[in-house]
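Undergrad: Sharing a structure below in structure tokens format, with a few things to ask.
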Amino acid sequence: MNRVIYSVASSLDGYHTDAQGDYSWAVPDEEVIAALNADAAGVSTYLYGRRMYEAMAVWETDPEVAAQSPESAEYAKTWQAAQKVVFSSTLPKVWTQQTRLERELTTEAVASARAEATGDLTVEGPGLAHSALRLGVVDVVELLVCPVLVGGGTRVLPDEVRTSLSLTRERRFGNGMVQLTYDVA
């Protein structure tokens, strides 16, 4: 069965964004982007909340983003080829190809996306991922830990979810980032 993977960049103290909403400290270098591209090759569907979709849509709508480097161009091709499901009760419409809008994240909606997927699915963005973890639909938690302390902001993991995890992979990068992959027990 296709896995639902929560993939997220995290500060060392467990935040996706700082108190001002900034995540520029999480920008990966070419080595990290190459590793993320290799991971993305197995992903056929991205599950997004509104804010994460708005941030990621640039991989299709802004050619300058893909033109930053060969690895960025490769990721843009992968992103554009994938299916996207945006869960939002406030977004009026989606504007990228191969994208559909769902009003609510439910176990049934995830099961439907999983049934239609030809590969793994990622749930991206802490808000949606917190809900997915509460629903019990996440199979893998993958953290890209950045060598920074931000002291507050949007937490990567929800406080109220208790789940056992099993470490399946760790990768270290030259820029000090570490990728940790855990199966959800």
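Undergrad: Which of (1) assigned to a strand (DSSP E or B); (2) touching a residue at least 12 places away in the same chain (Cβ under 8 Å) does G174 not meet, given it meets every other one?
TA: Only one criterion in (1) assigned to a strand (DSSP E or B); (2) touching a residue at least 12 places away in the same chain (Cβ under 8 Å) is unmet by G174, namely (1).
Undergrad: Could you tell me which residue of segment 99-151 is modelled with the lowest pLDDT, considering only residues that are in contact with a strand residue (DSSP E or B) (Cβ under 7 Å, 6 or more places away or on another chain) and among the small types (G, A, S)?
TA: Filtering segment 99-151 for residues that are in contact with a strand residue (DSSP E or B) (Cβ under 7 Å, 6 or more places away or on another chain) and among the small types (G, A, S), the one modelled with the lowest pLDDT comes out as G125.
Undergrad: Listed residues A34, A81, A26, A38; which is within 17 Å of the chain's Cα centre (by Cα), of a type in the set (A, V, I, L, M) and buried (at least 20 other Cβ atoms within 10 Å of the Cβ)? Break it down stepwise before answering.
TA: On the way: A34 fails: buried (at least 20 other Cβ atoms within 10 Å of the Cβ); A81 fails: buried (at least 20 other Cβ atoms within 10 Å of the Cβ); A38 fails: buried (at least 20 other Cβ atoms within 10 Å of the Cβ).
Residue meeting the stated conditions: A26.
Undergrad: Would you say S11 is loosely packed, with under 14 Cβ neighbours inside 10 Å and either over 13 Å from the mean Cα position of the chain (by Cα) or without any contact (Cβ under 8 Å) to a residue 12 or more places away in the chain (or both)? Lay out the reasoning, then the answer.
TA: Numbers: loosely packed, with under 14 Cβ neighbours inside 10 Å: no; either over 13 Å from the mean Cα position of the chain (by Cα) or without any contact (Cβ under 8 Å) to a residue 12 or more places away in the chain (or both): yes.
Judged against the criteria, S11 is not a match.
Undergrad: Condition check: surrounded by fewer than 13 Cβ atoms within 10 Å (Cβ to Cβ) and closer than 30 Å to D62 by Cβ. Does R100 satisfy that? Before you say what the answer is, go through the steps one by one.
TA: On the way: surrounded by fewer than 13 Cβ atoms within 10 Å (Cβ to Cβ): yes; closer than 30 Å to D62 by Cβ: yes.
Considered against the rule, which asks whether it is surrounded by fewer than 13 Cβ atoms within 10 Å (Cβ to Cβ) and closer than 30 Å to D62 by Cβ, R100 comes out as yes.
Okay, residues lined up against (1) touching a strand residue (DSSP E or B) at 6+ places or on another chain (Cβ under 6 Å); (2) β-branched (V, I, T); (3) without any contact (Cβ under 8 Å) to a residue 60 or more places away in the chain; (4) assigned to a strand (DSSP E or B):
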site: P28; (1), (2), (3), (4): no, no, no, no
site: L36; (1), (2), (3), (4): no, no, no, no
site: Y48; (1), (2), (3), (4): yes, no, no, yes
site: E60; (1), (2), (3), (4): no, no, yes, no
site: V65; (1), (2), (3), (4): no, yes, yes, no
site: Q68; (1), (2), (3), (4): no, no, yes, no
site: S72; (1), (2), (3), (4): no, no, yes, no
site: A76; (1), (2), (3), (4): no, no, yes, no
site: L91; (1), (2), (3), (4): no, no, yes, no
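Undergrad: OK, next. Between residues in segment 102-118 that are under 17 Å from R3 (Cβ atoms) and touching a residue at least 40 places away in the same chain (Cβ under 8 Å) and residues that are among the hydroxyl-bearing types (S, T, Y) and not in a helix (DSSP H, G or I), which pairs lie under 6 Å by C-beta distance while being six or more apart or on different chains?
TA: Qualifying pairs under 6 Å: A113/T45; A117/S44; A117/T45; T118/S44.
Undergrad: For segment 45-77, what are the residues that are of a type outside the set (A, V, I, L, M, F, W, C), closer than 27 Å to H130 by Cβ and surrounded by 17 or more Cβ atoms within 10 Å (Cβ to Cβ)?
TA: Correct list: T45, Y46, Y48, G49, R50, R51, Y53, E60, Y75.
Undergrad: Turning to a different aspect of this structure: Count, please, the residues in segment 160-171 that happen to be part of a loop (DSSP other than H, G, I, E, B) and of a type in the set (A, V, I, L, M).
TA: Residues meeting the conditions: 1.
The values are calculated or read from the model by the stated rules, or taken from the named source; none is laboratory data. Everything numeric here is computed off the predicted structure, so don't read it as measured data. Here the Cβ is made from the backbone with ideal geometry for all residues, glycine too, and neighbour counts use every protein chain on show.
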